[in-house]
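The values are calculated or read from the model by the stated rules, or taken from the named source; none is laboratory data. Small disclaimer: the values here were computed from a predicted structure and weren't measured. Here the Cβ positions follow ideal geometry from the backbone for every residue, glycine too, while neighbour counts run over all protein chains shown. Each accessible area value is taken on the protein alone, full model and side chains, heavy atoms only, with ligands, DNA and RNA left out. Shrake-Rupley method; radii C 1.70, N 1.55, O 1.52, S 1.80 Å.
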Amino acid sequence: MKVTIFGTGYVGLVTGTCLADVGHDVMCVDVDVDKIARLRDGEVTIYEPGLEEMVKRNLASGRLRFTTDPAEGVAFATLQFIAVGTPSDEDGSADLQYVLAVAETIGRHMREYKVVVDKSTVPVGTADRVRTTVADKLAARGEAIDFDVCANPEFLKEGAAIEDFTSGARIVVGTDAERVKELMRECYAPYSRLHDKLMFMDVRSAELTKYAANAMLATKISFMNEMANLAERLGADVEQVRVGIGSDPRIGYQFIYPGCGYGGSCFPKDVQALARSAAEVDYPTELLNAVEAVNRRQKQSLFQKLCVAFDGELEGKTIALWGLAFKPETDDMRDAPSRTLMEAVWKSGGRVQAFDPQAMKECRRIYGERDDLMLVADRIQAVKGADALVICTEWKEFRTVDFEWLKANLSKPVIVDGRNLFDPRAVKRAGLRYFAVGRGDSLKASQG
């Protein structure tokens, strides 16, 4: 098949590249001239494991191409995927300006039947707005060309997006049109060979499915962080609690790891957008509001633990930071807990020495050159001369450490572990003060 993808961010680039990799001819369209030039040279502008190699392979085969010409993209294929960003507006609702701009583009340039596929994460009712936008552009041209709109939400985790696309549990398509079902079956046939992963439902249900999935996962995270905070006060170990409840198959182990809060491009904005959609139909979402409130509070916990360790005096202190990205295997710092921590340290007169395997460039892009921020070459350089170590991201290379070395290199023997990477007993034996998340024995260690 021929497929057009509007947008070359995480969703658009992964979708287009994976579809090309199974034999489809794919054209990706973006307004960013510099990004398209780099992609044509095989340079991927985001970090996603395995993606750059796949892009280069499919560029070489001729199955993947990039353009800034929207008319070329519309003419190229019957399937027109919209995979542009839907950032949060000031009131928390999803900003649909980019989605609707693509719909206008399609309506302006189409000359024959098209299926407009909403791949972006969008509120319920967006397909109706896309349909109206395309129809209005056709009417302005005096044209009566048939088209359909369907919802095909993505379920991709940053850091595992290729695996999720190629081996995901389900492919949700919202449509009532048999013609669209046939085309979408053909598009996704390579990924449904072992069993049919396609789930057809009405458009609004498909749109809500995406938000409901992310809200559920965010709820699990905030619930465990709530339990972790309670465990600290009761002298329990939330890691033991996690194992105890995760063994129940009704609960499971996924997304019940306590930490310093969720971030990234999806959970924060999607929880807000779903709550906003509910407010528009006068339905109070107490649970969603609580999930968001707990997460905001949890992101403050690292700084609060530092304040306990230093009796509230952080002015002039240097904090070593391991991890900047909101999760491992990505360079994404959107709503990352590291940002909340760094900004609080700076406000208190402290400075930061940070290392992340992938997100250093992104950190510099966000914050620029600052006297109170030093980005260093590795985790060792981050620790040298620092007063304390804070762990924000659970990269594998941070999981093993010589605690005697760490104590020798920190001017104050303090670790604030936002991801519960270490055994509190081992840290205590080395003579370090250890502040973890919801571990009763870490409180005892912090007093040693």
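Some notes on this structure:
- All positions within region 121-144 that are open to solvent by 30 Å² or more (accessible area, probe 1.4 Å) and of a type in the set (Val, Ile, Thr): Val124, Thr132
- Any hit, region 239-262, residues being within 27 Å of Lys119 (Cα to Cα) and open to solvent by less than 30 Å² (accessible area, probe 1.4 Å): yes
- Any hit, region 313-321, residues being polar (S, T, N, Q), in contact (Cβ under 8 Å) with a residue 12 or more places away in the chain and within 30 Å of Ala388 (Cα to Cα): yes
- Restricted to region 153-188, and to residues there that are assigned to a helix (DSSP H, G or I) and open to solvent by 50 Å² or more (accessible area, probe 1.4 Å), the residue that is nearest to Val115 (Cα to Cα) is Arg179.
- Count of residues meeting criterion [in contact (Cβ under 8 Å) with a residue 40 or more places away in the chain and under 19 Å from Ser205 (Cβ atoms)] in region 83-116: 3
- Filtered residues of region 292-333 (kept if β-branched (Val, Ile, Thr) and open to solvent by 10 Å² or more (accessible area, probe 1.4 Å)): Val294, Val308, Thr318
- Single condition Arg233 does not satisfy, out of (1) at pLDDT 95 or above; (2) over 26 Å from the mean Cα position of the chain (by Cα); (3) among the basic types (Lys, Arg): (1)
- Restricting attention to region 390-439, the residues being hydroxyl-bearing (Ser, Thr, Tyr) and on the phi > 0 side of the Ramachandran plot number 0.
- Residue within region 267-283 that is at positive phi, surrounded by 15 or more Cβ atoms within 10 Å (Cβ to Cβ) and at pLDDT 95 or above present: no
- In region 334-359, residue farthest from Gly159 (Cα to Cα) [restricted to those that are assigned to a helix (DSSP H, G or I) and open to solvent by 40 Å² or more (accessible area, probe 1.4 Å)]: Lys347
- Selection within region 383-397 - open to solvent by less than 40 Å² (accessible area, probe 1.4 Å) and more than 21 Å from the chain's Cα centre (by Cα): Val383, Ala386, Asp387, Ala388, Leu389, Val390
- Of all residues in region 179-202, those that are on the phi < 0 side of the Ramachandran plot and β-branched (Val, Ile, Thr) have Cβ atoms under 8 Å from Cβ atoms of residues that are at pLDDT 95 or above and open to solvent by less than 90 Å² (accessible area, probe 1.4 Å), 6 or more apart or on another chain, in Val180/Val115; Val180/Asp148; Val180/Cys150; Val180/Val173.
- The condition (being charged (D, E, K, R) and in contact with a Leu (Cβ under 7 Å, 6 or more places away or on another chain)) is satisfied by just one residue among Arg40, Arg57, Arg129: Arg129.
- If the condition is being touching a residue at least 12 places away in the same chain (Cβ under 8 Å) and under 26 Å from Lys327 (Cα atoms), then region 394-406 contributes Glu394, Trp395, Lys396, Glu397, Phe398, Arg399, Val401, Phe403, Leu406.
- The conditions of being closer than 30 Å to Thr86 by Cβ and either at pLDDT below 95 or open to solvent by 30 Å² or more (accessible area, probe 1.4 Å) (or both) are not met by Ile380.
- Unique match (being part of a loop (DSSP other than H, G, I, E, B), over 20 Å from Leu217 (Cβ atoms), at pLDDT 95 or above and open to solvent by 10 Å² or more (accessible area, probe 1.4 Å)) among Glu112, Glu104: Glu112
- The strands (runs of 3 or more DSSP E) located wholly in region 1-93 that include 1 or more residues which are open to solvent by 10 Å² or more (accessible area, probe 1.4 Å) occupy 2-6, 25-29, 64-67.
- Extreme residue, surrounded by the fewest Cβ atoms within 10 Å (Cβ to Cβ), among residues of region 208-238 that are closer than 30 Å to Val130 by Cβ and touching a Pro at 6+ places or on another chain (Cβ under 7 Å): Thr209
- Residues in region 112-124 that are touching a helix residue (DSSP H, G or I) at 6+ places or on another chain (Cβ under 7 Å) and either farther than 18 Å from Ile5 by Cβ or of a type in the set (Asp, Glu) (or both): Asp118, Pro123, Val124.
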